[in-house]
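Each remark here refers to the structure printed beneath this line.
The values are calculated or read from the model by the stated rules, or taken from the named source; none is laboratory data. All figures in this text were calculated on a predicted structure; none of them were measured in a lab. Positions of Cβ are backbone-derived with ideal geometry, glycine not excepted, and every protein chain shown enters the neighbour counts. Side chains included, ligands, DNA and RNA excluded: accessible areas come from the protein's heavy atoms. Shrake-Rupley method; radii C 1.70, N 1.55, O 1.52, S 1.80 Å.
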Amino acid sequence: EGGKLVMVNRPVPVAKSGEVLVKIHYTAINRADTLQRTGNYPVPKGETDILGLEMSGTVISNSSEKFPMNSKVMSLLGGGGYAEYVAVDEDMLMPVPNGMSLRVAAGIPETWLTAYQLLHFVNGVQPEESVVIHAGGSGVGTAATQLATKHGCDVYVTAGTDEKIEKGIELGALGGANYKTSDWDLEILKQVGNNGVNAVLDWVG
């Protein structure tokens, strides 16, 4: 309210057919949350005005065969991740892998699924192809760097500081360009031998 986070009491959501009621243990902060808090990001139609686009927690309703009671799950949300409980379509739930904490799991869905979608669904990158990843120091950028490297791609990152580029290289990138001190496209071309690249990932624009 008025750009401030406030505590309010709301009824516990009722899971509809095909939904699962989850007790939230952790959530994460995303750019859309910060914009919504300041009044610059309208709530999507039909979604709650409670912030939070992802969460991890435990299933407390047994209406799903896929996710029985007390299952540890994580999910993308249209909103509501900052609440204590949320009703989620079971097709949006993912099991938390063994050995991963709920704390870590809460930060997986928004960032890592965005990176995965851009790499594989949108661009269809293949092993041994070269990929430029803009905002290489961001959450999505660091996730995409690791995913593309694991897929066998040659990765180059752009960022606004040399330290962020070094972090990208630490995560598997072969090189990078500081867009504040150089023309990133010319710098990357030098590093790839003027052969160009197969894909450029830009979720900033």
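Computed values, structure above
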read-out	value
Rounded percent of accessible protein surface that carbon and sulfur make up, the chain, 1.4 Å probe	51
Cα-projected label distance for L35 with L174, points at 7 Å along beta-carbon direction, nm	3.4
Over 27 Å between alpha carbons, listed pairs K164/K190; K45/K150; K16/K45; K167/K190	K45/K150
Residue (of W112, V12, L171) at the positive-pole extreme of the chain, dipole from beta-carbon charges	V12
Dipole magnitude (debye, nearest 20) for the chain, charges at Cβ of Lys, Arg, Asp, Glu	560
Mean ellipticity per residue at 222 nm, deg cm²/dmol - from DSSP H runs of n ≥ 4 across the chain, formula -39500 (n - 2.57)	-6500 deg cm²/dmol
For the range 1-96: relative contact order, % (alpha-carbon pairs under 8 angstrom, 6 or more apart)	34
For V157, distant residues with modelled amide H under 5 Å away	I133, G175, G176, A177
Bins of 10 Å from zero: percent of alpha-carbon pairs in the range 1-140	11, 37, 33, 15, 3, 0
Heavy-atom surface of the chain, accessible at 1.4 Å and reported per residue (Å²)	58
Crossing angle, helix 139-150 versus the chain [Cα axis fit, 0-90 degrees, rounded to tens]	70
Dipole in debye (nearest 20) - the range 1-56, about Cα centre, beta carbon charges: Lys, Arg +1; Asp, Glu -1	60
Percentage relative contact order, the chain, counting C-alpha pairs under 8 Å, at least six apart	16
